[in-house]
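**Student:** One structure is given below, represented as C-alpha cells, and several questions about it will come after.
The values are calculated or read from the model by the stated rules, or taken from the named source; none is laboratory data. Note that the coordinates shown come from a computational prediction; the quantities given were computed from them, not determined experimentally. Cβ placement follows ideal geometry from the backbone for every residue including glycine, while neighbour counts extend to all protein chains displayed.
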C-alpha cells in the first residue's frame, strides 16, 4: 500500500495518524477522515462510539493506521486498541456496547462463574487472563477482588525458606571456589570443555538487589533479542556461560546503566547471578572473552540486518519517513593514528569515527553505518544507507529527513527517480519573503500542546534546474527558516512538523550518550584499513602554506619599494634598485611554487603517504555488537515507557523513562515453582501509591504476554506490591 497521502486539503485542526487516516476534534466531536473525506464521527464523551470507531479502523485487513499512533490520537491506551479489535472480531458491535444501568449487585460474577474465576486465579492466571476466559471486563475481576468476593492467588510456597540478603552474602563470601561460586560440578565440566552451557536454575531468594530488571524481559523477548541472537550466532563454544547468558548480561547491564564491562566488578556478582538463573554473573575478563569470540565470527552486520528487518516488518508504516544523521565517537587513545574530524559538541578537530544512524518515523533506531575514514553523508548515503533502506522498505517511496549536510541538487534529482524523497534545510543565504505571505497554522506537539507556526510556500528552482518546494517558517523575532522538500503531496504544516521533528533524533543521541554511554569503546583493538582510500594530499597542503608565505613576502617588498618611490629621496636609489631585484626574484619563486602547487593531485591514496602497515581503524565487530545490544535495550525501554506513560498521566517521554529506571532498580523476591511452571518475581513497593498503582497495571499487562524465561520452561509472573 502506498505511503503517500491522498487528501489535498485538511481542516486546520487535523491530526495525521497515518498516510491513510486522520482525525480532527471539532466542537466536541471527533471526526475520522480517509482518502474520500469524513468516514466516521462521534461525540467526544461517547465512549461506546469511540470503541466502535477504534475497532473498525484497527482491523488488520484494513491496515490504515498503526495501533500506537491511533491510540495516541484518540487518547486511549494502546492495549485497548487490541482489546476493542478482538472484541469486535468475536462479537461485532454488540460486544463493544456498554451494559445498561441496573441493579448494583454482582450480576456478572456470581455462582459458577465466580467459582471458575477463583479457580483460574488459584492456578496463577492474571486478572486479564481470567477476565478473557470468563468474557467479562478486567475491571469486574478487580472489583470482585476489592470487595472480597474473590481472593488473590497465594504466591507459591518455596520448597525451602527464602534466603535473605545477609545469608546469601555470607554464603557467597565463604564459597570455596570463589565469590558466589556454588555450581562446582558444572564449572568443572565447563573447564574441560564438556559442558555446552549452564542452564538457568533459580533458587528462592528474598529481596534480590535490582531484580526489578526482570520486568524488562517480556519487552526484550518481543524485540527479538534471543530469537535473532540464536539465529545469527547459534551457540558459543562449550563453557559455563552460553549465548543466552551473555546476551542477558549485556542487555541487563545496559538497562541498569552499568555502562561498561569495567564497571561490572563493582556490583555484587551473586545478586546479579540470581536474575540470570546462575550462581554468579560472569567476571569482566570472561565477558570480554565472550565478546571477542562473538566478534571473531564477523557476524555483527548480519545481526544488525536481522534486527532491522524484524523491526521494519513489524511496523512497515514507520518507514515512510526516516531520519538520517551522523554521530561522532571520539577516540582519546594515543597509540594509533586515526582519521581526524571536527567534533561539534567539543568544538575540536580530533580522532573520531563517524556513524550515520537511520531512525524510523518515531525516531526509534533501525540501523547505523560506520563511515570509512569519516566520509561525508552524501557518500555514505549512496554506498550503504540507501541500498539498505531499499531492502527494508521494498518498492514503497521513502522520505529522508536530514540536515544541511545532505544538500546536493544533483543527488535530489537522482534520488527522486529512485523512489526517495528528501526533506532538509536550505543551504546558503536567501532573501526574506514578505511577512504578509505567512499564514498561521495550529499544530499539536507531544503532550497535546498547541503550537502556532507561521508558514509560507513557494516553488524553488535549484542550480541544476530541478524544481522543489520551499516552505518557510517565520519566528517571533522575524527569522525565516527555510525547508526544502521534493514531496509535493504534503501540506505546509506537515512539512514543517516533520522537519522540526528532527529534534527527536538529536535527543536520541543525547540520551544514548548519557544513559547508555554510546561513545564508549568496548575495545581499543585495531584492524587493517583500506590503504587505497583517497585522502587530501598533505604535500599540496604544505605547498599551499608556502604559497601564502611567498605572497606575504612579495607584498611586503612591494610595499617598501612603493614607499621609497613616493618619498623620492636621492639616497634611496640604491635601496630601490636592490628592492627591484628582490621583487623580481620573489615573483619568479612565487610563479614556480604556484605551478608546482597546481601540478600536485588534490587527493592521494593513504598508502602512498604512510606505511600501509600503519593504516588501521578501530575494530568494528565488537563495537557494532555492543551498540546493537544497546539499541535493543533502548527500544525495549521505549516499549515499556509507552505502556506505563498513560497509566501515570505522563505527557513527556522522559518522565516515563525515569519511572522505568526506578522500576529496574527495585529489589524483588524470586520464587520459582517448578510444579506450576512459573517464576514469580515479587516486586517491592515504590515511593508512593501512584507509582505502585501504575506498576501494578504494568505487571498485569506484561503477564498477559506469558513470557518464558529464556532457556527454561518457567513462565514469568510479575507480582506488584500489594
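**Student:** Can you give me the number of residues within the range 484-505 that are crowded, with 16+ Cβ neighbours inside 10 Å and not in a helix (DSSP H, G or I)? Write out each step before concluding.
**Tutor:** First, the residues of the range 484-505 that are crowded, with 16+ Cβ neighbours inside 10 Å: 484-487, 490-502, 504-505.
After this cut, where a residue has to be not in a helix (DSSP H, G or I) as well, the list is 484-487, 490-491, 501.
Selection size over the range 484-505: 7.
**Student:** Separate question: Could you pull out every one of the helices (runs of 4 or more DSSP H) wholly within the range 275-393 that has 2 or more residues that are closer than 27 Å to residue 709 by Cβ and out of contact with any strand residue (DSSP E or B) (no Cβ under 7 Å at 6 or more places or on another chain)?
**Tutor:** Details: elements: 284-296, 300-314, 377-380, 386-393.
In the range 275-393, the matching helices (runs of 4 or more DSSP H) lie at 284-296, 300-314.
**Student:** For residues that are modelled with pLDDT of 80 or more and part of a loop (DSSP other than H, G, I, E, B), scanning just the range 92-142, find the one that is surrounded by the fewest Cβ atoms within 10 Å (Cβ to Cβ).
**Tutor:** Out of the qualifying residues, it is 135.
**Student:** Inspect all residues belonging to the range 544-551 and state whether any of them is within 30 Å of residue 372 (Cβ to Cβ) and either over 44 Å from the mean Cα position of the chain (by Cα) or surrounded by 11 or more Cβ atoms within 10 Å (Cβ to Cβ) (or both). Before you say what the answer is, go through the steps one by one.
**Tutor:** Going residue by residue through the range 544-551, those that are within 30 Å of residue 372 (Cβ to Cβ) are 544-545.
Next cut, either over 44 Å from the mean Cα position of the chain (by Cα) or surrounded by 11 or more Cβ atoms within 10 Å (Cβ to Cβ) (or both) only: 544-545.
Checked against the condition, which is being within 30 Å of residue 372 (Cβ to Cβ) and either over 44 Å from the mean Cα position of the chain (by Cα) or surrounded by 11 or more Cβ atoms within 10 Å (Cβ to Cβ) (or both), the range 544-551 yields at least one hit.
**Student:** Still on this model: Does any residue of the range 447-466 turn out to be surrounded by 12 or more Cβ atoms within 10 Å (Cβ to Cβ), farther than 16 Å from residue 493 by Cα, touching a residue at least 24 places away in the same chain (Cβ under 8 Å) and touching a helix residue (DSSP H, G or I) at 6+ places or on another chain (Cβ under 8 Å)?
**Tutor:** Within the range 447-466, one or more residues are surrounded by 12 or more Cβ atoms within 10 Å (Cβ to Cβ), farther than 16 Å from residue 493 by Cα, touching a residue at least 24 places away in the same chain (Cβ under 8 Å) and touching a helix residue (DSSP H, G or I) at 6+ places or on another chain (Cβ under 8 Å).
**Student:** Looking only at the range 589-601, count every residue that is in a helix (DSSP H, G or I) and touching a helix residue (DSSP H, G or I) at 6+ places or on another chain (Cβ under 7 Å) and tell me the total. Break it down into steps so the answer makes sense when it comes.
**Tutor:** Initially, the range 589-601 is screened for residues in a helix (DSSP H, G or I), giving 589-599.
Subset that is touching a helix residue (DSSP H, G or I) at 6+ places or on another chain (Cβ under 7 Å): 589-590, 593-594, 596-597.
Qualifying residue count for the region: 6.
**Student:** Next question. Say we look at the range 394-414 and pick out the residues that are in contact with a strand residue (DSSP E or B) (Cβ under 7 Å, 6 or more places away or on another chain) and over 27 Å from residue 627 (Cβ atoms); which of these is surrounded by the fewest Cβ atoms within 10 Å (Cβ to Cβ)?
**Tutor:** If we take residues in the range 394-414 being in contact with a strand residue (DSSP E or B) (Cβ under 7 Å, 6 or more places away or on another chain) and over 27 Å from residue 627 (Cβ atoms), then 397 is surrounded by the fewest Cβ atoms within 10 Å (Cβ to Cβ).
**Student:** Which of the residues that make up the range 34-68 are closer than 25 Å to residue 698 by Cβ and either in contact with a helix residue (DSSP H, G or I) (Cβ under 8 Å, 6 or more places away or on another chain) or assigned to a loop (DSSP other than H, G, I, E, B) (or both)? Reasoning before the result, please.
**Tutor:** Keep residues of the range 34-68 that are closer than 25 Å to residue 698 by Cβ, which gives 47, 50-51, 54-55, 58, 65-68.
Scanning the range 34-68 gives 50, 51, 54, 55, 58, 65, 66, 67, 68.
**Student:** I've got another one for you. Collect the residues in the range 184-207 that are more than 25 Å from residue 716 (Cβ to Cβ), within 38 Å of the chain's Cα centre (by Cα) and assigned to a loop (DSSP other than H, G, I, E, B), keeping them in residue-number order.
**Tutor:** If we filter the range 184-207 for residues that are more than 25 Å from residue 716 (Cβ to Cβ), which is where we start, we get 184-185, 187-195.
Filter again for within 38 Å of the chain's Cα centre (by Cα), leaving 187, 190, 195.
Selection gives 195 alone.
**Student:** Moving on. What number of residues within the range 506-518 are within 19 Å of residue 473 (Cβ to Cβ) and either crowded, with 20+ Cβ neighbours inside 10 Å or free of Cβ contacts under 8 Å to residues at least 40 places away in the same chain (or both)?
**Tutor:** Of the residues in the range 506-518, the ones within 19 Å of residue 473 (Cβ to Cβ) are 506.
Narrowing further to those that are either crowded, with 20+ Cβ neighbours inside 10 Å or free of Cβ contacts under 8 Å to residues at least 40 places away in the same chain (or both): none.
Total meeting the criteria: 0.
**Student:** Looking at the range 696-722, which of its residues are closer than 24 Å to residue 642 by Cα, over 26 Å from the mean Cα position of the chain (by Cα) and part of a loop (DSSP other than H, G, I, E, B)?
**Tutor:** 720, 721, 722, listed by residue number.
**Student:** Which condition from (1) in a loop (DSSP other than H, G, I, E, B); (2) over 28 Å from the mean Cα position of the chain (by Cα) is the one that residue 440 breaks?
**Tutor:** Failing condition for residue 440: (1).
**Student:** Related question: Quick one: residue 58 ticks every box in (1) modelled with pLDDT of 80 or more; (2) surrounded by fewer than 18 Cβ atoms within 10 Å (Cβ to Cβ) bar one, so which box is it?
**Tutor:** (2)
**Student:** Could you please tell me which pairs satisfy a Cβ distance under 6 Å, a separation of 6+ or placement on different chains, a first residue in the range 519-540 that is touching a residue at least 12 places away in the same chain (Cβ under 8 Å), and a second residue that is buried (at least 16 other Cβ atoms within 10 Å of the Cβ) and in a loop (DSSP other than H, G, I, E, B)?
**Tutor:** If the second residue must be buried (at least 16 other Cβ atoms within 10 Å of the Cβ) and in a loop (DSSP other than H, G, I, E, B), the pairs left are 523/619; 525/619; 527/619; 529/615; 531/615.
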